[in-house]
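Take a look at the structure set out below.
The values are calculated or read from the model by the stated rules, or taken from the named source; none is laboratory data. Nothing here was measured: the structure is a model prediction, and the numbers come from that model. Note that each Cβ is placed from the backbone with ideal geometry, even for glycine, and that neighbours are counted across all protein chains shown. With ligands, DNA and RNA removed, areas are computed over all heavy atoms of the protein, side chains included. Shrake-Rupley method; radii C 1.70, N 1.55, O 1.52, S 1.80 Å.
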Amino acid sequence: IEGKDIVVIQTKAGRLGMYLMGQAFFSAQLIKPFKPRSVTSVALCGMDDSVLRPLFEQYPNMKVVVCQNI
């Protein structure tokens, strides 16, 4: 994966929460030693959280995607 653009995805069917955010954040950190060109981490969940989402997305390349059909 060296030199490639990487997207890591963590998913939970329920609301965005601390566990999902932690998994998404640290998944990106675990990939960095493999020297990708970029890493984007996606927390895919069934329901948003208006308090937690801004905390997570304040970090570069951290995204929340809400999909009610997971």
Subject >> segment 20-36 residues that are modelled with pLDDT of 95 or more, paired with ones that are hydroxyl-bearing (Ser, Thr, Tyr) (beta carbon under 8 Å, 6 or more apart) >> reply: Leu20/Thr11; Ala24/Ser41; Phe25/Ser41; Phe25/Tyr59; Ser27/Ser41; Ala28/Thr40; Ala28/Ser41
Original post:
Taking segment 14-45 as the search range and keeping residues that are more than 13 Å from Phe56 (Cα to Cα) and touching a Cys at 6+ places or on another chain (Cβ under 8 Å), which one is least open to solvent (accessible area, probe 1.4 Å)?
Top reply: Cys45
